[in-house]
Every structure is written in structure tokens, then in C-alpha cells.
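What follows is one structure encoded as C-alpha cells, with my remarks underneath.
No value in this document is a laboratory result; all are computed from the given coordinates. Everything numeric here is computed off the predicted structure, so don't read it as measured data. Please note: Cβ atoms are built from the backbone with ideal geometry, for glycine as well, and neighbour counts cover all protein chains shown.
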Amino acid sequence: MRTLRALAAASALGTALASPAPAAPAAPTAPAAPAAWPRQAVRKIAADGAAYAPADLKRILARHAGRYMDGVEAARAADDGRRSAADHRAAAARGARTVAERIRALRGFEEAAYGLGAVAYEAAQAIVAPGATPAELDAAARKASFLGFPADPFADPVRLAALPLPAATPREAYDSALTLVTRLFAWTWKRAGGDVRAVPATPEEKGPYPLRE
């Protein structure tokens, strides 16, 4: 009897060892990182975004070009690469409001240029062409255009940042990104008390407006 029980136990053990172990649950797939412009493209968009900014602000950015690009680079360094386009739009709108308040508080134009660099970075990363090749980005920059100011160019910056802009191709995305930069710069300058009388001269309905003839 003991022999039979021992044989049965051995048989059961052998069956258990031969059976495949239950599969381990699959590890959750990490979400793909949102699309983003490469460093040089962002710097070009930031530079081009100043082209149709109000004249006085454009001169300030040219005078403090180094600090302006420092702001772009600082925002890039602080970006963890996981934020969505909506997150970047919101950050750009908040930044525009912050810079306007600092200008009104007489914090200095060098600081304003630095802050606007961050605004330009966030606005650029809000409208991206996924998978664009370096050649496509270079072509987009060479043929860049400002799309114009909307019907209400001084609406709340959150609303301005949320307005739809085309981005089906690298060229469209590049133009739209620099356009958002310009629009937020004009809003900032108006909010800070600057001269924005030239803004109505480039309405969206009559655009686009080439940056390089």
C-alpha cells in the first residue's frame, strides 16, 4: 500500500514538473514619448517667431539675443519629454502672462528676453511635425511664413494658444509653431503696455507672410 502511495505521489510530482509554468503577466508598455522638435529646429522657430513681433519688442530681442536663446535652452533642459502638446500650450500661455507682468514691474528687458525664450520653446513644442527629416526641417525654415494674427489678437493667451493651426506637414507645423510664438509675443507686449499698432497690418485672412523673400 505504501508502495502504491509513493508511486502515485511520484507520478503527480512528475506531472507537475512537466506542466508549463503559468506565464508571468506582461510588463505594462511605457507610453510613447510625445513628438518634439529637435534642438536646432526649436532655435530656428524661436528666431523666426520674432520676425513679425511688434517692432519695439523685436529690437529688444535682437539686443538681448543671447539671453533670449538662453531662455530657449533653459526651457529645453527642464523639459522631461513627457508633456503633451496641450501641456506645452498651457505653459506658453502662462509664460506670456508672467513675462508681461515682469515687464510692467520694470524687471528689465534682459530678463524679459530670457522669459520670452521659454515662451518660444513651449509654443514651438506645442505644434510639432512627427518624424520630419533634417532636410524637411531645413526646407521648412527656408520657406517659412508667418500665418498672421487672428481676428482677436489680444484675447486671453490660453485662448490664443488653443486656436487651431495646420500641422499636417513639416512646413505647416513649422509655420504654425512660429506663428504661435509671434502671437503670444504680441499679446505679451500689449499686456505690458507696449505699442502694438502694427499688429492689424498682418491679419490671418490675408496671410501667409513670408519671412524670407
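Tell me the label-point distance for the pair K58, R107, using the 7 Å Cα-to-Cβ offset, in nm and rounded to one decimal.
2.6
Taking R0 as 22 Å, what FRET efficiency do you get between R94 and R159 from their Cβ-Cβ distance, rounded to the nearest 0.05? It would help to have the intermediate numbers written out before the result.
Numbers: r = 13 Å, r/R0 = 0.61.
Once rounded, the FRET efficiency stands at 0.95.
For A151 and D87 in one chain, what is 0.36 nm times their gap in residues minus the Cα-Cα distance, to one decimal in nm?
Values: separation 64, 0.36 × 64 = 23.04 nm, distance 2.44 nm.
Contour length minus Cα-Cα distance gives 20.6 nm.
Determine the dipole magnitude for region 39-210: charges of +1 sit on the beta-carbon of Lys and Arg, -1 on that of Asp and Glu, nothing else is charged, the reference point is the Cα centre, and the result goes in debye to the nearest 20.
300
For labels at T169 and K143 in the simple 7 Å Cα→Cβ model, what's the distance in nm?
About 0.5 nm separates the two model spin labels.
Using θ = phi - 60° and the Karplus curve 6.51 cos²θ - 1.76 cosθ + 1.60, what whole-Hz ³J(HN,Hα) does each residue of region 93-103 get, with Gly and Pro shown as x?
Residue by residue, region 93-103 yields 5, 4, x, 4, 5, 5, 5, 4, 5, 5, 5 Hz.
What is the spread of the Cα atoms of region 39-210 along each of their three principal axes, largest first, in whole Å?
42, 37, 27
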